[in-house]
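Here's the structure, in structure tokens; my notes come after.
The values are calculated or read from the model by the stated rules, or taken from the named source; none is laboratory data. Computed from a predicted structure; not experimentally measured. Don't worry about glycine lacking a Cβ; one is built from the backbone with ideal geometry, like all the others, and counts go over all protein chains shown. Accessible surface is based on the protein model in full, side chains and every heavy atom, while ligands, DNA and RNA are left aside. Shrake-Rupley method; radii C 1.70, N 1.55, O 1.52, S 1.80 Å.
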Amino acid sequence: MANLFGGRRLRSVVAVFLGTLLIGSGLVLSARLGTAIDERVRTGARATGRVVHVERFKVSRSFAATRLTVNYTFGGVRHRERLSSELDEGRYRNGDVLTLHVDRSDPTKAATAEGYATEDLLLQLPALLEGLGIVVIMLSLALLRTGAPAE
């Protein structure tokens with residue numbers, strides 16, 4: 001009688017479990033980032049900023065992002081920050097004026113009501129984790145199916 005969880009099958013089970021963890025962590029991180037942005041919009045100090053550069057890029061078929069470079073003044077200090085959003089609802093252009101909600105304790109952290117925020121890299125991380133999880137699961141299932149016969 002062959003061992004039920006021998007060699008290749010055990011590795012596939014572990015890979016599917018790892019992929020599921022990656023997908024789950026991406027979903028949790030996405031929810032936490034959304035909550036942090038909503039909190040900043042709700043409690044942040046208002047400032048007016050001017051868009052100096054707009055960059056739109058497509059990471060995959062289903063994931064597009066927009067990055068704005070914005071100049072704003074908060075507490076008498078000028079800041080130039082990049083704000084990113086996975087949502088491409090706002091069609092900003094160079095020179096547009098927008099309302100920012102700036103974190104009172106750290107003026108380099110800002111967000112807009114449309115979901116643009118200064119957490120540039122973190123906004124893309126959930127989609128990357130979810131995609132990586134799906135790839136790991138698909139590869140493990142493909143290797144299990146094309147592998148050698150059961151031992």
**OP:** Pairs only if they're at least six apart or on different chains, beta carbon under 6 angstrom, first in region 118-147 and under 22 Å from K58 (Cα atoms), second of a type in the set (V, I, T) and buried (at least 16 other Cβ atoms within 10 Å of the Cβ); list them, first residue then second.
**Re:** E130/I23; G133/I23
Original post:
Which residues, counting only those in region 45-70, are at pLDDT 90 or above and open to solvent by less than 30 Å² (accessible area, probe 1.4 Å)?
Top reply: A45, A47, G49, V51, T69, V70
**OP:** Provide a single number: the residues in region 9-40 that are within 22 Å of the chain's Cα centre (by Cα) and open to solvent by less than 40 Å² (accessible area, probe 1.4 Å).
**Re:** 8
Original post:
Residues in region 104-133 that are exposed (fewer than 13 other Cβ atoms within 10 Å of the Cβ) and either modelled with pLDDT under 85 or among the hydroxyl-bearing types (S, T, Y) (or both): how many?
Top reply: 3
Subject >> Number of the exception - H101 against (1) over 16 Å from L33 (Cβ atoms); (2) at pLDDT 90 or above >> reply: (1)
